[in-house]
1. Could you count how many residues in the stretch A:131-147 are out of contact with any Cys (no Cβ under 8 Å at 6 or more places or on another chain) and more than 17 Å from A:K98 (Cα to Cα)?
2. Just to check your reading of the model, which residue among C:E206, C:E300 is touching a Leu at 6+ places or on another chain (Cβ under 9 Å), assigned by TED's automatic domain parsing to the domain that holds C:V159 and of a type in the set (D, E)?
3. Could you please give the count of residues in the stretch A:164-177 that are more than 18 Å from A:T215 (Cβ to Cβ) and in contact with a Lys or Arg (Cβ under 9 Å, 6 or more places away or on another chain)?
4. Looking only at the stretch C:175-205, how many residues end up being β-branched (V, I, T), open to solvent by less than 30 Å² (accessible area, probe 1.4 Å) and at pLDDT below 95?
5. Quick one: in the stretch B:246-264, of everything that is open to solvent by less than 10 Å² (accessible area, probe 1.4 Å) and away from chain A (no Cβ under 14 Å), which residue is farthest from C:A289 (Cα to Cα)?
6. Take C:T215 and decide whether it is among the polar types (S, T, N, Q), assigned by TED's automatic domain parsing to the domain that holds C:G168 and more than 12 Å from the chain's Cα centre (by Cα).
7. Criterion first (within 21 Å of B:G271 (Cα to Cα), open to solvent by 10 Å² or more (accessible area, probe 1.4 Å) and among the polar types (S, T, N, Q)) does A:S295 satisfy it?
8. Among the residues of the stretch C:7-52 satisfying the criterion of being in contact with a strand residue (DSSP E or B) (Cβ under 8 Å, 6 or more places away or on another chain) and among the charged types (D, E, K, R), which is surrounded by the most Cβ atoms within 10 Å (Cβ to Cβ)?
Amino acid sequence: MELSAKQIAELIQGEVVGNPDVTINNVSKIEDGKPGTISFLSNPKYTQYIYQTKASVVIVNNTFEPEKKVSATMIRVPDAYSAVAKLMQMYLDSKPRKTGVEQPSFVSETAIIGDFPYIGAFAYIGENVKIGNNVSIYPNTYIGDNVTIGDNNILYAGVKIYHNCVVGDNCILHAGAVVGSDGFGFAPDENNEYTKIPQLGNVVIEDNCEIGANTALDRATMGSTVLKKGVKLDNFVQIAHNVEIGENTVIAAMSGVAGSTVIGKNCMFGGHAGVVGHLTVADGVKMGAYTGIASSVKKEGAVMRGTPAFEARAFTRSWISLKSLPDLVKEVRVLKQEIKKLKGEE
Amino acid sequence: MELSAKQIAELIQGEVVGNPDVTINNVSKIEDGKPGTISFLSNPKYTQYIYQTKASVVIVNNTFEPEKKVSATMIRVPDAYSAVAKLMQMYLDSKPRKTGVEQPSFVSETAIIGDFPYIGAFAYIGENVKIGNNVSIYPNTYIGDNVTIGDNNILYAGVKIYHNCVVGDNCILHAGAVVGSDGFGFAPDENNEYTKIPQLGNVVIEDNCEIGANTALDRATMGSTVLKKGVKLDNFVQIAHNVEIGENTVIAAMSGVAGSTVIGKNCMFGGHAGVVGHLTVADGVKMGAYTGIASSVKKEGAVMRGTPAFEARAFTRSWISLKSLPDLVKEVRVLKQEIKKLKGEE
Amino acid sequence: MELSAKQIAELIQGEVVGNPDVTINNVSKIEDGKPGTISFLSNPKYTQYIYQTKASVVIVNNTFEPEKKVSATMIRVPDAYSAVAKLMQMYLDSKPRKTGVEQPSFVSETAIIGDFPYIGAFAYIGENVKIGNNVSIYPNTYIGDNVTIGDNNILYAGVKIYHNCVVGDNCILHAGAVVGSDGFGFAPDENNEYTKIPQLGNVVIEDNCEIGANTALDRATMGSTVLKKGVKLDNFVQIAHNVEIGENTVIAAMSGVAGSTVIGKNCMFGGHAGVVGHLTVADGVKMGAYTGIASSVKKEGAVMRGTPAFEARAFTRSWISLKSLPDLVKEVRVLKQEIKKLKGEE
């Protein structure tokens, strides 16, 4: 698919600066842009590369003011990152989606499957499963009994969904993701042995969620573990039983939320972050990497850091002080001596 | 299945307070209890809800003394949590277990399989595998050559057990768990390239263990990596080669134990905890979330915190002091000035 | 296979100390060595065991000088650990490798597969896949369209490789590993909803890499996520989109590298370590467990610790000071009082 800068500008409603007739047929990163490709500049860290890139076209933010000559044709838009996303999505959408049912696969007689499915070989679809339209189920995927899945979902290879769970519309579940495994609940007895607490609830994933590779969502003890609309989970995210994650909250890799905690909407978790069980976290809270939330966060939009966490700017000040703490210890020792002298003790 | 409060009280040997004839046919969480359901109160954080719940029956601890009117029928027991577990297990046990062998599946001719198996489609059972009675093997599961599995085990979808490993009785392995992958062992050469150390041992999982979704247990270099009886591992737990985990130790999600370390019995790991290789950890040691044990813990029942870890109460005091460290730095600066003045230097 | 100490010494070019005719037919750990087995001593922590071991033969470093009588026959070599690795590898290589194609499996008509493959049941090989010689593909493995895989690779059960990815020669991918899942990229809109950034690139794994169980490597947004030659990743390692990991870098379990970061060669990550996105880390950098790198590390061979990380020795000093920080706070309070007194204020 060959497109001119002018055609692209129309697609993403941008303004061309430079030669509108130059054509591209692929994308590239700005730091290793090649002729005949389109690239973009969004993160200011990469600004230096726009003056050297060999990409033919670069999408930039409206606010970008070049300080030197840019040889590529630029397309100016309000938000370069979104414009590129839109363009790449158009490219993906122009490609035909796999459809049909590969053999051997296992589809229970009581399963109801919508129009235009793709069901890969070795996929397993249990009893009374309901699947909407335009759903792609890649090979080696397991869908347990009584699961309900909406329209336009993609389940990549090896996804496992336990019985009774529910997935909305327009979700993507990456390879190896597990939905509905038992919550981690045990009651200790007098011999320090553990009795399993059966986990009778399920997991409900609302519309427009994305679940990373090998991520795991445990089913509720009773009721549901819930991902609200638009939640995005990276790889290796652990969502424990009875957790609720609010709308459009984004959780980076290796983060976990312990049992029965309720996370607000529009929160952001850095990597390796975690929240203890039975807490609430307000809307818009941001947690840096390795942040461990040990008590409820009530302030909307709070930025947290450290383990156990406190407010991020205070944490940063403390951490900087920690670096010079050994010096402080020495200074105090010197002061002690001086005071002794002043008191005439030495 | 409809049961009266009186019938339930008999099942769990509790005492009814209120109407013994009210009936339930489902369970619910106390905070959103519905008429016709049974709920429970164990964690004191939820005490407030017992005065409002619409659940018909609530199981409570003997020691619970209501401060207001409770409209639900209460059943008093020594340990509400255990009683609920027992009740839920009875409910689960009343449901028929899947049995039979779905097709296509792959069962090696040399495999020996006990009575009443469930073998899901696309399950793979290798050469000389021995499987006990009442074992459920869900779809897309892989059992390598020479694996031995006892009675009453559940292997959920996509479990992978490498050759020569051993699983006892009454274990549950959740979806995506891996047992017996190679330990991470390499010998560097003079060019900083690595030669793989072959991993010739296996993994032995004793009776009554539970292994979380996508958890991984590496096989030993020589000998066995061992989970003793009653060990419970949450999701994403990493057990490295030649590790031994003592009886009834419980490890929360995203925790890891590095190679050749021996963990005592009845230990508890919070989430994201970790122990360095070649250490020993005494019985009953507790580690908070994100605790990183960097040297052996010899004191039984020690409570550890921080990375590198020290005793939890000391850690908490230090961490609180860290919050005000920037203030301390300022105070010391002031003291310095004052001493200079006292010394007549300013 | 029965071998004498003398025969083994010839295989690994070592020098026999003791009876050269004693024979072994198995390996054991030095701490529970059995007659008729060979063991080794490399980590000095285990030195005590050589005086008690019942192993018939022990491989030791040239530099080892016994302080007491050693009853086992010793074989002295420059590097005991490497020698054992070599020996164990010889043992493994003496065993026949599985070959052939088990049924049912799914091999696309357009796939090209080299000589001597092992393709397990329920393995899926997509369109235009190219696979080299002597490749083992265990059951329930998924290889997406247009994937290229070199010679002598082992893909254990349940590995999932997305479309367009590339694997070199002599690699091992452990069970449940995911290669080529979408990078975690979203552009927020004015309503705090997220638009997915399509991930059009791939993953390239060069020769001699090993990928741990359930580890995940995300495909690049554009271009490639790259593991250079000889990279070793443990279980649960997260490699984000557009990351590049340098030659012979070794990453322990539960560590992660965020998007677009470039890691040098010969680096070492302890467990639970992490690096923020868009950074560079110099060659030979070592990170302790739980190290969180928050800014680029330019110094080759730097040793880092803490989150956010600083130089390891400085971190250790600070952390030791942190333990006594509550005492320091008290001391400063006392000094304040004394100064007040000296000033005549009290």
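The values are calculated or read from the model by the stated rules, or taken from the named source; none is laboratory data. Just so you know, these numbers come straight off a predicted model, no measurement behind them. A quick note on method: Cβ atoms are made from the backbone with ideal geometry, for glycine too, and the neighbour counts reach across all protein chains shown. In case anyone asks, the SASA skips ligands and DNA or RNA and just uses the protein heavy atoms, side chains included. Shrake-Rupley method; radii C 1.70, N 1.55, O 1.52, S 1.80 Å.
1. In the first step, residues of the stretch A:131-147 are kept if they are out of contact with any Cys (no Cβ under 8 Å at 6 or more places or on another chain); the result is A:131-143, A:145-146.
This time we only want the ones that are more than 17 Å from A:K98 (Cα to Cα), so: A:142-143, A:145-146.
The total comes to 4.
2. Values: C:E300 fails: touching a Leu at 6+ places or on another chain (Cβ under 9 Å).
Going through C:E206, C:E300 in turn, just one is touching a Leu at 6+ places or on another chain (Cβ under 9 Å), assigned by TED's automatic domain parsing to the domain that holds C:V159 and of a type in the set (D, E): C:E206.
3. Taking the stretch A:164-177 as the starting set, the residues that turn out to be more than 18 Å from A:T215 (Cβ to Cβ) are A:164, A:169.
With in contact with a Lys or Arg (Cβ under 9 Å, 6 or more places away or on another chain) added as a condition, the list becomes A:164.
Total meeting the criteria: 1.
4. Step one: list which residues in the stretch C:175-205 are β-branched (V, I, T), which gives C:178-179, C:195, C:197, C:203-205.
Narrowing further to those that are open to solvent by less than 30 Å² (accessible area, probe 1.4 Å): C:178-179, C:197, C:203, C:205.
Next, from what is left, pick out any that are at pLDDT below 95: C:197.
Total meeting the criteria: 1.
5. Selected residue: B:I263.
6. no
7. Values: within 21 Å of B:G271 (Cα to Cα): yes; open to solvent by 10 Å² or more (accessible area, probe 1.4 Å): yes; among the polar types (S, T, N, Q): yes.
Yes; evaluated as a whole, the condition is true for this residue.
8. C:K29
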